[in-house]
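Notes for the one structure printed next.
The values are calculated or read from the model by the stated rules, or taken from the named source; none is laboratory data. Because the structure is a prediction, the values reported are computed rather than measured. A quick note on method: Cβ atoms are made from the backbone with ideal geometry, for glycine too, and the neighbour counts reach across all protein chains shown.
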Amino acid sequence: MAQYTQSVQQELHSGSQYFTAYYSAVQTDTEIIAAPGSKSSIYISDVILSNGDTAGKIWLTEAPSGGTALTVLSLQNYGINTIGVYNFSSPLFITPNAALELNSGTTDDFSVTINYYIDEVKGFGYTSGGYIASNSNTIDENFFASDSNSTDVGNLTVARYAVAGQSSAVSGYTSGGYSGGNSNVVDKFSFSSDGDSTDVGNLTVARYAVAGQSSAVSGYTSGGLDGVATNVVDKFSFSSDGDSTDVGNLTVARYSVAGQSSAVSGYTSGGYSGGNSNVVDKFSFSSDGDSTDVGNLTVARYDVAGQSSAVSGYTSGGSTGGNSNVVDKFSFSSDGDSTDVGNLTVARYGLAGQSSAVSGYSSGGNSGSNSNVIDKSSFSSDGNSTDCGDLTVARRLVAGQQSN
């Protein structure tokens, strides 16, 4: 069979490449484009499949590292000397670090041409630190775009629990915690390359059971326990490594709190201070200063997780003395009380919060025993969460970060 050829659309992308080959035997899971790396994906813009003198089936699959193979181009049934041309206005996206594989059935005389490029991918959630039967230094990563289990991508500099998480555009941070004593460590790890954290500074007060917030340029660590409940709000720079500064106070000193972030303000919700707290505090990113009390949770509770959409803050799970499955939502644009908008799949405390552009995630925690559950809830429609994957290790009192 003479291979069919056609000029395929050349994407306006500096990394444009193509693959073309002729086959004279049935193919099973034949790798045609290698996995590009943990933070990169294959983007397919054009496919030409040209069959020869035996009718049969051709299809493309992806093979994620440590994941489940998925169909990319569904089974195409071709007659003798049949041609299929597929030009995608929006490139087919392959799971990060997945190879592209070719399969055929019956047909043993055919050709394949693929136009593609490889690009860096963002949109990952991270769960760092925590407590198993001892302190954990694990940093887990899960891909937001496909429900799947986490992978272990690195370690903290110090194994610890009851930590806070912050996120810049390029790095994740884990601050404070407990490691046999109160910790003041601020760790940083890269989003673009898997690897261990580095110690880049200290909090003003060593403490645990803290909340994390993130502006475009700074990370914040609020509340916590340093022997007694604290009201301290610390700030550290994303652009230059260094120690934190004390920039204000919460309205109520408390620990086991959750953090949320709008474009202009940080929020600290829930916690414990001689009793369960329902307080939602707000502080400005643009000017250092004390917080103001802007509303209440529907249920006073502690050891909660925080998530943030573009317009709302969320407080998930926690403990009221018993485990809670409540997901509360409050508005960033108008101060006021939260509303109950759904439930987690498992009531638990000591969980971490992560936020994609469209969904909130709650990972780990304790529901009577340590949990590996990653729950997902939609920002666009109120409702209950769904279980979308597992951590590599079940653990509680963890911190959350995200790259978007």
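At a glance:
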item	result
Residue within segment 208-215 that is over 21 Å from the mean Cα position of the chain (by Cα) and outside any loop (DSSP other than H, G, I, E, B) present	yes
Restricting segment 115-165 to residues that are part of a strand (DSSP E or B) and among the small types (Gly, Ala, Ser), the residue that is nearest to Ser256 (Cα to Cα)	Ala164
Any chance Asn103 is part of a strand (DSSP E or B) and in contact with a Cys (Cβ under 9 Å, 6 or more places away or on another chain)	no
Single condition Phe93 does not satisfy, out of (1) modelled with pLDDT under 95; (2) crowded, with 22+ Cβ neighbours inside 10 Å; (3) within 20 Å of the chain's Cα centre (by Cα)	(2)
Strands (runs of 3 or more DSSP E) fully within segment 357-399 counting 1 or more residues that are in contact with a Leu (Cβ under 9 Å, 6 or more places away or on another chain) and of a type in the set (Ser, Thr, Tyr)	359-363, 373-378
Test for Val232: is it surrounded by fewer than 24 Cβ atoms within 10 Å (Cβ to Cβ) and within 15 Å of Gly306 (Cβ to Cβ)	no
Residue ranges of strands (runs of 3 or more DSSP E) in segment 54-96 with at least 3 members closer than 19 Å to Glu31 by Cβ	56-64, 70-78
Which listed residue is under 23 Å from Thr127 (Cα atoms) and assigned to a loop (DSSP other than H, G, I, E, B), from Ala300, Ala263	Ala263
Filtered residues of segment 242-260 (kept if surrounded by 23 or more Cβ atoms within 10 Å (Cβ to Cβ), not hydroxyl-bearing (Ser, Thr, Tyr) and not in a strand (DSSP E or B))	Leu250, Arg254, Val257
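Okay, residues lined up against (1) crowded, with 20+ Cβ neighbours inside 10 Å; (2) not aliphatic (A, V, I, L, M):
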| site | (1), (2) |
| --- | --- |
| Gln166 | yes, yes |
| Tyr173 | yes, yes |
| Gly181 | no, yes |
| Val185 | yes, no |
| Asp194 | no, yes |
| Gln213 | yes, yes |
| Ala216 | no, no |
| Leu225 | yes, no |
| Ser240 | no, yes |
